[in-house]
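Taken together, the values in this text are just the output of simple stated rules run on the coordinates, not laboratory data. Please read all numbers here as calculations on a predicted model, not as lab measurements. No Cβ is skipped: glycine too gets one built from the backbone with ideal geometry, and neighbour counts run over all protein chains shown.
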Amino acid sequence: MTSSPHPQQNLQEIEQQLKTLPDFRPQLVVLPEASLCFGAGDKRQRELAELPGDGPMQQGLAELAKRYNIWLVGGTIPLIDSPEDKKFSAASLVFNPQGACVARYNKMHLFDVDVADNTKSYRESNWTDAGDAVVTVPTEFGTLGLAVCYDVRFAELFRALRTAGADILVLPSAFTQVTGQAHWHVLTRARAIEQQCFVVASAQAGEHDNGRQTYGHALVIDGWGRILAETETMQPSIATALVDTASLHKIRQDIPVAEHFNRSKKVLHASTER
Ligand SMILES: O=C(O)CNC(=O)[C@H](CS)NC(=O)CCC(=O)C(=O)O
């Protein structure tokens, strides 16, 4: 998506795309980070922020999940837990095909980074509270592990997701054009290979109302690190692939990294305590 700061406009754009989905079900759809209000500015995002279970953004996503009979990861939307909150969470919400919100993950690593682009300085923590929980979601086609965008640089979170049972790592993103070109494919494929999980990494793409440039290249990657699908255009579009989590068993059996990690854990703990 090339999301605008306007939730209703973005919801309409999402629905246009959902109309083009293949027929098979069950189906998981992952929207990009800030899918419903991108580049709105911190003040506006705080104004739009919703309490859990209440508000037009969450209602819009729930209705789409139900209408199209899909599991829907709503990218991130700004959520607050009390009307007095100064900051919001960048919350990745998971809706089931009945339209019920079944999980919430708050982005854990915040993008306080300098980039050689026209924005130059990103300070996400000025308006966003960091999450502190690892979240997985069982579905009929495997267990989802939730992460967001900049999180992809922190392999430890993905280890924790795999340990918690994840099969499909879901990564709504809005990578910058500059860092995306340098790192996006390598990081997403590395997480898939390390954790022997599918990675579904959605993306913002193109030039947004506030002048920010995002990298695009939404990806579906299998547990061997192969790219199964990729969006090739900066126009809104969908990358679709068949995800068969049974294919993970052989990869995990042949190269048992999870067991080998457990063996090495004692040594690693001992060396970091020194
Ligand atoms: O600001 C919004 O409206 C939506 N949020 C984002 O775009 C976020 C925080 S600024 N972007 C990233 O995390 C980029 C990470 C990245 O590009 C990297 O790790 O290299």
**OP:** Might you let me know whether the range 174-196 holds any residue that is within 16 Å of VAL135 (Cβ to Cβ), away from the ligand (no atom under 13 Å from the Cβ), within 14 Å of the chain's Cα centre (by Cα) and buried (at least 17 other Cβ atoms within 10 Å of the Cβ)?
**Re:** no
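Please verify whether the range 69-82 includes one or more residues that are more than 17 Å from the chain's Cα centre (by Cα), within 11 Å of the ligand (Cβ to nearest atom) and in a strand (DSSP E or B).
Taking the range 69-82 first, the residues more than 17 Å from the chain's Cα centre (by Cα) are 69, 80-82.
Among the residues that remain, those that are also within 11 Å of the ligand (Cβ to nearest atom) are: none.
No, that holds for no residue.
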Original post:
When both residues are 6+ apart or on different chains and their Cβ atoms are under 6 Å apart, which pairs have a first residue that lies in the range 6-26 and is without any contact (Cβ under 8 Å) to a residue 12 or more places away in the chain and part of a helix (DSSP H, G or I), and a second that is loosely packed, with under 14 Cβ neighbours inside 10 Å and not small (Gly, Ala, Ser)?
Top reply: none
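Being touching a Gly at 6+ places or on another chain (Cβ under 7 Å) and either under 21 Å from VAL148 (Cβ atoms) or among the aliphatic types (A, V, I, L, M) (or both) narrows it down to one of ALA246, ALA192, so name that one.
Answer to the selection: ALA192.
Could you look through the range 96-117, keep only residues that are polar (S, T, N, Q) and surrounded by 13 or more Cβ atoms within 10 Å (Cβ to Cβ), and pick out the one that is farthest from LYS66 (Cα to Cα)?
First pass over the range 96-117, keeping only residues polar (S, T, N, Q): 96, 98, 106.
If we keep only those that are surrounded by 13 or more Cβ atoms within 10 Å (Cβ to Cβ) too, we end up with 96, 106.
Details: ASN96: 8, ASN106: 23 Å.
Per the stated criteria, the residue is ASN106.
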Original post:
Is it true that PHE38 is of a type in the set (A, V, I, L, M, F, W, C), in a loop (DSSP other than H, G, I, E, B) and more than 18 Å from ALA203 (Cα to Cα)?
Top reply: no
**OP:** Could you please let me know if ARG162 is away from the ligand (no atom under 15 Å from the Cβ) and in contact with a strand residue (DSSP E or B) (Cβ under 8 Å, 6 or more places away or on another chain)?
**Re:** yes
Subject >> Residues satisfying the stated conditions in the range 218-229, i.e. in a strand (DSSP E or B) and within 15 Å of the chain's Cα centre (by Cα) >> reply: LEU219, VAL220, ILE221
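Taking the condition among the hydroxyl-bearing types (Ser, Thr, Tyr), touching a Pro at 6+ places or on another chain (Cβ under 8 Å), in contact (Cβ under 8 Å) with a residue 40 or more places away in the chain and not in a loop (DSSP other than H, G, I, E, B), does SER3 pass? Step through it out loud before you land on a result.
Working: among the hydroxyl-bearing types (Ser, Thr, Tyr): yes; touching a Pro at 6+ places or on another chain (Cβ under 8 Å): yes; in contact (Cβ under 8 Å) with a residue 40 or more places away in the chain: yes; not in a loop (DSSP other than H, G, I, E, B): no.
Spelling it out, it is not the case that SER3 is among the hydroxyl-bearing types (Ser, Thr, Tyr), touching a Pro at 6+ places or on another chain (Cβ under 8 Å), in contact (Cβ under 8 Å) with a residue 40 or more places away in the chain and not in a loop (DSSP other than H, G, I, E, B).
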